[in-house]
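This report concerns only the one structure given below.
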Amino acid sequence: MEAPAKEQPKEPRKLIVSIGPHVHDTESTAKIMWTVSGALLPATLMSVYYFGMPAILVMLVCLISSMVSEAAVQWMLKKPITITDGSAFLTGLLLAMNLPANVPLYIPAVGSFVAIVITKHLFGGLGFNIFNPALIGRAFVLISFPKLMTTYVEPTMRVMAMDAKTTATPLVLLKEEGMAKLLEVFHTKAALYQDLFLGNRAGSLGETSVIMLLLGAAFLLMKRYITWHVPLPFIATVGILSWLFGGKEGLMTGDAIFHMMSGGLILGAFFMATDYVTGPSVRSAQVLFGISCGALTVLIRLKGGYPEGVMFAILLMNCFAPLLDRGMRSPVFGKAEAKGVKK
Amino acid sequence: MEATMNAHDTFSGGVHPAGNKQLSAHKPAVAAAIPARAVIPLSQHIGAPTKAVVVIGQEVKKGEKIGETTGFVSAPVHASISGKVVALGNFPHSLGMDLPAVVIESDGKDEWVAGLKENADYALLSPEELKKIVLEAGIVGMGGATFPTHVKLGPPKEKPIDVVILNGAECEPYLTSDHRLMLERPQQIVDGLKILMRILGVKKGYIGIEANKPDAVETMTKAAAGSPEIKVWPVKVKYPQGAEKMLIKAIAHRTVPAGALPMDVGVVVQNVGTAEAIYTAVRYGRPLVERYVTVTGRGVKEPKNFLARIGTPFLQLIEEAGGLTEDAAKVIAGGPMMGMSQHDLTVPVIKGTSGILVLPKNEVVVKPYGPCIRCGRCIDACPMMLQPSLLGIYIEKGHYQDAKEFNLMDCFECGSCTYVCPANRPMVQWVKKAKKELAKKKN
Ligand code: SF4
Ligand code: SF4
């Protein structure tokens, strides 16, 4: 075999040197945020269909003020501006989903400010916030403007729905006047379930249409952006506990289906409690987190001062997420076996 | 075949990067040109470097020892070509620094050193004699770990070995050198395994192969047909299935304790290439002077498998594979998950070089990393069941001790966590840094 005679020339080309791995899958923070936002599209469209122009305005104000707040605070803190990563957009959208359609437009603006500036950036920005920004934004405006925030309108299915009639949400009806009154309004159980499922009821923008929310959730589950570990135990716990304790005629007479479909449960369980940053990331911890959220939700709904408990339940559990992660991490490969080995 | 049932035995975690093996898997290995100048590092293994036993100007023959061991965990180094020693000194090494090496200029004759002992009746040799041959032949783990093989073959008495596993998983994307070796030299691998089993007095041998190489499974099964004590074992296609602990879990269903070695659970794992090298050493008396090397990636014009001499410069092999493409941007020694990128293409092939991967510009990830969004993907991916996200957060802030409490030392730097991280966080880089810092503090 003949040997190449000449010296090897030094390679003039600049090669990139870095520590591996040298390949990466196709996911990125921005892709995840925008995809989750996209998964809310069906529910968004449905809310526009039901509530018309006011819904669009609330959403626009939320989105714009969230993104402007983020850019402004990052500019002031001299940090790189990251509004293209979709996380502020998603926070704005989720906040909008949690507001009634007919609120004065300073409410979404204030809510967005509290969500982005106080809850997210004053805690260190993306990844460092303890509480779900959209939920804190909503809690803040709910407490600051209790009257406005609990005045819901009937779905009108008209574009210019400025004159929509105000009405109580199904959960309020149940809490204050009982199941009989609820049935009077919706006529039959089947009609009640159907309206809840489709979204033809008073409520916050995004929480009304169960079917549209499930559509988006199914997509996220399929893409594995979220897993069942939080939402399933969350919703199941609400179902079981409200069936056990939610009825007027004693144990096991509650209406589980009603409780699972009403309020912000579906929205909260699939889109808010699954927030990566503010929930646990260890799978077993997520299950416990979901169960706890469900139990707290029912406790607030049945015994608390508010008709709906999803928001406070998730916020409360947000505090415990890091603790759950620490307490429930799975044993390291070979750690149990290591005890028996002499070194 | 009964064994296919076991393709589902695996470990928890892991990732599925694109295999990209089709670039070179179907190409039979060709002998690379003998290098005009072979740069042979004196350290090609984990452990004590060897000491040069040649001087400048000395004529050497192929297979002649040029570096002698200086400790127990060490392996001698041999000339891979015949010619003259023209330099002794520090030369670029694929570990990313200049390390002592012997440079030999070829005389074009490629002659073996005299006195190599062929032995058709090697079956009559005692385990001790066999082990001596393995040591003298300079054989190390050829999957990339480069741990001196003879050390693994002499476990302490209180740790009896009952299983030998040959690693033919080749779970790193792109690489096909073990795959080709299994197709082209199956009998040598099986005979090498038998020698290993004889040395260790073991009755159970396995050859673990990822199920994405059905032809290798078939070929190896045929080669092992006459040996009921050897089983070919397809394992699930998942990175890092070929990591020692993961392979032992999948095949022997034993969990190597954290911080312990395979021998603590009675297992010795060797790469298929190592087995082949052992056979060659025992049967023909030839030390380790060449190996299979895959040169691949979309940054080389014709990806190929080579049988290359130790000491062959990367650039030569790349040129024999058609050369770099216009947009070639990164050259990696080894696979894309755990391999090391190179800035100098004069670095030589060493005993642990399974491949040279060249990535074009558009395949090089140059995203800046962002904050951890606590998505938990890394936790799901980690084969050691660590919490890589926390390791990252602690190390980023310089809290190495905290990282240690969260099992930093159990991380074997497989890269699965970084591979899946949407924020592109460089966990492996941080882990390496933290381990270094902690070691510094200890001293
Ligand atoms: S994969 Fe990355 S972003 Fe997700 S938890 Fe792990 S380190 Fe954080
Ligand atoms: S590099 Fe370490 S922490 Fe990351 S997945 Fe591999 S073993 Fe786990």
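Restricting the search to the stretch A:236-260, which residues are assigned to a loop (DSSP other than H, G, I, E, B) and closer than 20 Å to A:Ser209 by Cα? Even if it seems obvious, please write down each step before you answer.
Keep residues of the stretch A:236-260 that are assigned to a loop (DSSP other than H, G, I, E, B), which gives A:246-255.
Passing the criteria: only A:Asp255.
Mind listing whichever residues of the stretch A:130-151 are surrounded by fewer than 23 Cβ atoms within 10 Å (Cβ to Cβ) and either small (Gly, Ala, Ser) or not in a helix (DSSP H, G or I) (or both)?
Within the stretch A:130-151, A:Ile130, A:Ala139, A:Ser144, A:Phe145, A:Thr150, A:Thr151 qualify.
Name every residue in the stretch A:90-113 that is among the hydrophobic types (A, V, I, L, M, F, W, C) and surrounded by 21 or more Cβ atoms within 10 Å (Cβ to Cβ), in order of residue number. Spell out the reasoning first.
First, pick out the residues of the stretch A:90-113 that are among the hydrophobic types (A, V, I, L, M, F, W, C): A:90, A:93-97, A:99, A:101, A:103, A:105, A:107, A:109-110, A:113.
Residues satisfying the conditions are A:Leu90, A:Leu93, A:Leu94, A:Leu95, A:Ala96, A:Met97, A:Leu99, A:Ala101, A:Val103, A:Ile107.
Does the stretch B:52-68 contain any residue that is in contact with a Pro (Cβ under 6 Å, 6 or more places away or on another chain), at positive phi, crowded, with 20+ Cβ neighbours inside 10 Å and of a type in the set (Gly, Ala, Ser)?
yes
Could you check B:Asp121 against (1) open to solvent by 30 Å² or more (accessible area, probe 1.4 Å); (2) without any contact (Cβ under 8 Å) to a residue 40 or more places away in the chain; (3) within 27 Å of B:Gly143 (Cβ to Cβ) and say which number it fails?
Failing condition for B:Asp121: (3).
Scan the stretch A:155-163 and tell me whether some residue there is touching a helix residue (DSSP H, G or I) at 6+ places or on another chain (Cβ under 6 Å) and free of Cβ contacts under 8 Å to residues at least 60 places away in the same chain.
Looking through the stretch A:155-163, none of the residues is touching a helix residue (DSSP H, G or I) at 6+ places or on another chain (Cβ under 6 Å) and free of Cβ contacts under 8 Å to residues at least 60 places away in the same chain.
B:Lys436 is checked against (1) within 14 Å of ligand 2 (Cβ to nearest atom); (2) under 26 Å from the mean Cα position of the chain (by Cα); (3) assigned to a helix (DSSP H, G or I) and fails just one. What number does that condition carry?
Going through the list (1) within 14 Å of ligand 2 (Cβ to nearest atom); (2) under 26 Å from the mean Cα position of the chain (by Cα); (3) assigned to a helix (DSSP H, G or I), B:Lys436 breaks only (1).
With open to solvent by 40 Å² or more (accessible area, probe 1.4 Å) and in a helix (DSSP H, G or I) as the only criterion, which of A:Leu299, A:Leu324 stands out?
On the way: A:Leu324 fails: open to solvent by 40 Å² or more (accessible area, probe 1.4 Å).
Unique residue meeting the criteria: A:Leu299.
Out of the stretch B:234-264, which residues are open to solvent by 10 Å² or more (accessible area, probe 1.4 Å) and of a type in the set (S, T, N, Q)?
Answer for the stretch B:234-264, where residues must be open to solvent by 10 Å² or more (accessible area, probe 1.4 Å) and of a type in the set (S, T, N, Q): just B:Thr255.
Being over 16 Å from the mean Cα position of the chain (by Cα) and closer than 22 Å to A:Ile130 by Cβ narrows it down to one residue among A:Phe312, A:Phe289, A:Phe258, A:Phe320; which is it? So that I can check it myself, show each step before the final result.
Working: A:Phe312 fails: over 16 Å from the mean Cα position of the chain (by Cα); A:Phe289 fails: over 16 Å from the mean Cα position of the chain (by Cα); A:Phe258 fails: closer than 22 Å to A:Ile130 by Cβ.
Exactly one of A:Phe312, A:Phe289, A:Phe258, A:Phe320 is over 16 Å from the mean Cα position of the chain (by Cα) and closer than 22 Å to A:Ile130 by Cβ, namely A:Phe320.
If the requirement is being of a type in the set (Ser, Thr, Tyr) and away from chain A (no Cβ under 12 Å), which of these qualifies: B:Ser106, B:Ser12, B:Ser82, B:Ser74? Walk me through it before giving the result.
Working: B:Ser106 fails: away from chain A (no Cβ under 12 Å); B:Ser12 fails: away from chain A (no Cβ under 12 Å); B:Ser82 fails: away from chain A (no Cβ under 12 Å).
When all the criteria are applied, what remains is B:Ser74.
In the list A:Gly239, A:Gly206, which residue meets the criterion of being open to solvent by less than 10 Å² (accessible area, probe 1.4 Å) and either touching a residue at least 60 places away in the same chain (Cβ under 8 Å) or among the hydrophobic types (A, V, I, L, M, F, W, C) (or both)?
On the way: A:Gly239 fails: either touching a residue at least 60 places away in the same chain (Cβ under 8 Å) or among the hydrophobic types (A, V, I, L, M, F, W, C) (or both).
Unique residue meeting the criteria: A:Gly206.
Only one of these conditions is not met by A:Gly263: (1) at pLDDT below 95; (2) surrounded by 24 or more Cβ atoms within 10 Å (Cβ to Cβ); (3) assigned to a helix (DSSP H, G or I). Which number is it?
Of (1) at pLDDT below 95; (2) surrounded by 24 or more Cβ atoms within 10 Å (Cβ to Cβ); (3) assigned to a helix (DSSP H, G or I), only one is false for A:Gly263: (3).
Would the stretch B:407-423 turn up any residue that is more than 10 Å from ligand 2 (Cβ to nearest atom), touching a Gly at 6+ places or on another chain (Cβ under 9 Å), open to solvent by less than 20 Å² (accessible area, probe 1.4 Å) and at the interface with chain A (Cβ under 9 Å from one of its Cβ atoms)?
Looking only at the stretch B:407-423, we keep the residues that are more than 10 Å from ligand 2 (Cβ to nearest atom), and these are B:409, B:422-423.
In the following step, the residues that additionally are touching a Gly at 6+ places or on another chain (Cβ under 9 Å) were identified as B:409, B:422-423.
Okay, now just the ones that are also open to solvent by less than 20 Å² (accessible area, probe 1.4 Å), so B:422-423.
Checking the rest, the ones that are also at the interface with chain A (Cβ under 9 Å from one of its Cβ atoms) come to B:422-423.
Yes, that holds for at least one residue.
If we scan the stretch A:276-290, do we find a residue that is away from ligand 1 (no atom under 16 Å from the Cβ), buried (at least 24 other Cβ atoms within 10 Å of the Cβ) and among the hydrophobic types (A, V, I, L, M, F, W, C)?
no
Check whether at least one residue in the stretch B:154-172 is assigned to a loop (DSSP other than H, G, I, E, B), touching a Leu at 6+ places or on another chain (Cβ under 8 Å), crowded, with 24+ Cβ neighbours inside 10 Å and touching a residue at least 40 places away in the same chain (Cβ under 8 Å), and report yes or no. Write out each step before concluding.
So the first thing to find is which residues in the stretch B:154-172 are assigned to a loop (DSSP other than H, G, I, E, B), and the list is B:154-162, B:169-172.
Checking which are touching a Leu at 6+ places or on another chain (Cβ under 8 Å) leaves us with B:155, B:161, B:169.
Among the residues that remain, those that are also crowded, with 24+ Cβ neighbours inside 10 Å are: B:169.
Next cut, touching a residue at least 40 places away in the same chain (Cβ under 8 Å) only: B:169.
Yes, the conditions are met somewhere in the stretch B:154-172.
If B:Ile332 passes every condition in (1) under 28 Å from B:Asp191 (Cβ atoms); (2) within 14 Å of chain A (Cβ to nearest Cβ) but one, which one does it miss?
(1)
If B:Gln429 meets every condition in (1) in contact with a Lys or Arg (Cβ under 9 Å, 6 or more places away or on another chain); (2) open to solvent by 20 Å² or more (accessible area, probe 1.4 Å); (3) part of a helix (DSSP H, G or I); (4) not charged (D, E, K, R) apart from one, which number is that one?
In the conditions (1) in contact with a Lys or Arg (Cβ under 9 Å, 6 or more places away or on another chain); (2) open to solvent by 20 Å² or more (accessible area, probe 1.4 Å); (3) part of a helix (DSSP H, G or I); (4) not charged (D, E, K, R), B:Gln429 misses (1) alone.
Across the stretch B:361-402, what is the total count of residues that are part of a helix (DSSP H, G or I), more than 12 Å from ligand 1 (Cβ to nearest atom), open to solvent by less than 50 Å² (accessible area, probe 1.4 Å) and touching a strand residue (DSSP E or B) at 6+ places or on another chain (Cβ under 6 Å)?
Matching residues across the stretch B:361-402 total 0.
Name the pairs whose Cβ atoms lie under 6 Å apart, with the first residue in the stretch B:419-437 and on the phi > 0 side of the Ramachandran plot, the second charged (D, E, K, R), and 6 or more positions between them or separate chains?
B:Asn424/B:Lys367
Say whether the condition of being aliphatic (A, V, I, L, M), within 30 Å of A:Glu177 (Cβ to Cβ), part of a helix (DSSP H, G or I) and away from ligand 2 (no atom under 16 Å from the Cβ) is met by at least one residue in the stretch A:225-235. Before the answer, list the steps.
Of the stretch A:225-235, the ones aliphatic (A, V, I, L, M) are A:226, A:230, A:232, A:235.
Now restrict to residues that are within 30 Å of A:Glu177 (Cβ to Cβ): A:235.
Still in the running and part of a helix (DSSP H, G or I): A:235.
Restricting the remaining residues to those that are away from ligand 2 (no atom under 16 Å from the Cβ) gives A:235.
Yes.
With the structure loaded, tell me whether B:Val358 is more than 16 Å from ligand 1 (Cβ to nearest atom), within 30 Å of B:Val300 (Cβ to Cβ) and open to solvent by 50 Å² or more (accessible area, probe 1.4 Å) or whether it fails that test. Talk me through it step by step, then tell me what you get.
Working: more than 16 Å from ligand 1 (Cβ to nearest atom): yes; within 30 Å of B:Val300 (Cβ to Cβ): yes; open to solvent by 50 Å² or more (accessible area, probe 1.4 Å): no.
Judged against the criteria, B:Val358 is not a match.
Those residues that are over 30 Å from B:Gly299 (Cα atoms) and either near ligand 2 (Cβ under 10 Å from one of its atoms) or touching a helix residue (DSSP H, G or I) at 6+ places or on another chain (Cβ under 7 Å) (or both), I need them from the stretch B:361-374; list them, please.
B:Cys372, B:Ile373, B:Arg374
If I ask for residues that are in a loop (DSSP other than H, G, I, E, B) and either at negative phi or among the β-branched types (Val, Ile, Thr) (or both), which ones from the stretch A:190-206 would you list?
Here is the first cut: in the stretch A:190-206, the ones in a loop (DSSP other than H, G, I, E, B) are A:199-206.
Scanning the stretch A:190-206 gives A:Asn200, A:Arg201, A:Ala202, A:Ser204, A:Leu205, A:Gly206.
For residues that are over 19 Å from A:Arg326 (Cβ atoms), within 16 Å of ligand 1 (Cβ to nearest atom) and not acidic (Asp, Glu), tally how many sit in the stretch B:403-415.
2
Can you tell me which residue among A:Ala313, A:Ala218, A:Ala269, A:Ala273 is within 29 Å of A:Ser87 (Cβ to Cβ) and within 14 Å of chain B (Cβ to nearest Cβ)?
Of A:Ala313, A:Ala218, A:Ala269, A:Ala273, the one residue that is within 29 Å of A:Ser87 (Cβ to Cβ) and within 14 Å of chain B (Cβ to nearest Cβ) is A:Ala273.
Determine whether A:Met46 is in contact with a helix residue (DSSP H, G or I) (Cβ under 8 Å, 6 or more places away or on another chain), over 27 Å from A:Val117 (Cβ atoms) and not hydroxyl-bearing (Ser, Thr, Tyr). Working first, answer last.
Working: in contact with a helix residue (DSSP H, G or I) (Cβ under 8 Å, 6 or more places away or on another chain): yes; over 27 Å from A:Val117 (Cβ atoms): yes; not hydroxyl-bearing (Ser, Thr, Tyr): yes.
So A:Met46 passes the test.
The values are calculated or read from the model by the stated rules, or taken from the named source; none is laboratory data. Since the model is a prediction, treat every value here as computed from it, not as a measurement. Every residue, glycine as well, gets a Cβ built from its backbone with ideal geometry; the counts of neighbours run over all protein chains shown. Calculation scope for accessible area: heavy atoms of the full protein, side chains included, ligands and nucleic acids excluded. Shrake-Rupley method; radii C 1.70, N 1.55, O 1.52, S 1.80 Å.
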